[in-house]
1. Kindly indicate the residue of the range 92-108 that is aliphatic (A, V, I, L, M) and part of a helix (DSSP H, G or I) and also farthest from Asp338 (Cα to Cα) among those meeting that condition.
2. If Asn260 satisfies every condition in (1) over 26 Å from Glu139 (Cα atoms); (2) surrounded by fewer than 17 Cβ atoms within 10 Å (Cβ to Cβ) but one, which is the exception?
3. Considering the range 221-260 alone, what residues qualify as being of a type in the set (Gly, Ala, Ser) and closer than 26 Å to Lys192 by Cβ?
4. Consider Thr177 carefully, then state whether it is polar (S, T, N, Q), assigned by TED's automatic domain parsing to the domain that holds Leu219 and within 14 Å of the chain's Cα centre (by Cα).
5. Picking from Ile185, Ile202, which residue would you name as being more than 22 Å from Lys318 (Cβ to Cβ), crowded, with 20+ Cβ neighbours inside 10 Å and under 27 Å from the mean Cα position of the chain (by Cα)?
6. On the basis of being crowded, with 24+ Cβ neighbours inside 10 Å, not acidic (Asp, Glu) and not assigned by TED's automatic domain parsing to the domain that holds Asn49, does Ala220 make the cut?
7. When the range 131-153 is examined, which residues are found to be touching a helix residue (DSSP H, G or I) at 6+ places or on another chain (Cβ under 6 Å) and charged (D, E, K, R)?
8. Just to verify a result, which residue in the range 329-348, among those that are touching a helix residue (DSSP H, G or I) at 6+ places or on another chain (Cβ under 6 Å) and of a type in the set (A, V, I, L, M, F, W, C), is nearest to Ala64 (Cα to Cα)?
Amino acid sequence: MKKRVLASFLTAMMVMGMVGCGSADESQGDAKADGEKGGYKIGLTNSFNGNSYRQQMEAYAQEAADELTETGEISEFVIVEANNDASKQVQQIENFILEGMDAIIIDPISATALTGAIQEASDAGIPCIIINDGPVESEAELCYQINFDTIDQMSTLTEYVCEAIGGKGKIIELRGTAGAEFDNIAHEGVLKALENYPDIEIVAEVYTDWTGSKAQSELASVLPTLDDVAGVVTQGGDSYAAVQAFEAAGMELPVIGGDNRGYFLKWWANEAPDGYDTISVSSNPWDGATGVYVACDILSGEYEVPNEMVHPFAVVTKDEVENYKDMGDEEIGTPTYDREWVRENLYK
């Protein structure tokens, strides 16, 4: 409690100090007191890093930070993890404010739990860049959101599965973490697609935290109660676990929407029944690097960075899966880009 009171007091003092020297927007790009650009201190708070997607996202962010450290744009880059604890992530943002970070990258645990902390950072002149699991609810001037079109992503996957099973039958929906905004929006995308398929029924919704171990154990408990499952829609980190669960249960393999993880893509390319028909779709963990590039461009003041940006998701079809037959188990099949791509495609 004392830490939160101290954080609020110091933040208020920083805001008061800004009144005489211009607005938060005017301070954007002038993080250094002497007016020099570069040498930025950037913190990344990840709500959870217990699956391969988040770990790869962090790795891409670190690669971009290392690149910009070599050029002198970044002097310090810190990654912390909140373990799905909203209060902990709020505290991490407040700590970054106290530590004088120039920008904060946030993979949010919730659409609403971080609103106050993001506003505190913005009031202190610190841009917050939201990646991966947004959007968040925030009117903060210095809140920048890099989101996937999750509804389109999940509609694309769901529609393919529905067509592959002939437009009727029973499906299972594997979800992520209960309460996470990405999961809420992903579910909305599934339901949107199902509006066109009245003869398809979701017979089970299973929360997996986007991890294979939990998906397999949860499915092991629910599959004995079901029959004639024709399809499975997944969000990520759990597609191959679904394959294993059905095989372990001795049930006929349904059409399982893929998640671009190496486990699933390698199985599809090398072991799946001949002609196995599905599609694999995922968010793109390269948005970790995108967040780093965007943070530095905001701080430089040289680019007109919009407050809302849309990052493309990744799709692998049956005609492309052979390209991934030798990838690592924990890798995610996804396109990567570069800094110029970010500027040309996201700053619109």
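The values are calculated or read from the model by the stated rules, or taken from the named source; none is laboratory data. Note that the coordinates shown come from a computational prediction; the quantities given were computed from them, not determined experimentally. Cβ sites come from the backbone with ideal geometry, for glycine too, and all protein chains shown count toward neighbours.
1. Filtering the range 92-108 for residues that are aliphatic (A, V, I, L, M) and part of a helix (DSSP H, G or I), the one farthest from Asp338 (Cα to Cα) comes out as Leu98.
2. Unmet condition: (2).
3. Ala230, Gly231, Gly236, Gly237, Ser239, Ala241, Ala242, Gly257, Gly258
4. Against the criterion (polar (S, T, N, Q), assigned by TED's automatic domain parsing to the domain that holds Leu219 and within 14 Å of the chain's Cα centre (by Cα)), Thr177 qualifies.
5. Ile185
6. Taking the combined requirement at face value, the residue does not satisfy it.
7. Asp133, Glu137, Glu141
8. Looking at the filtered set, the residue picked out is Val342.
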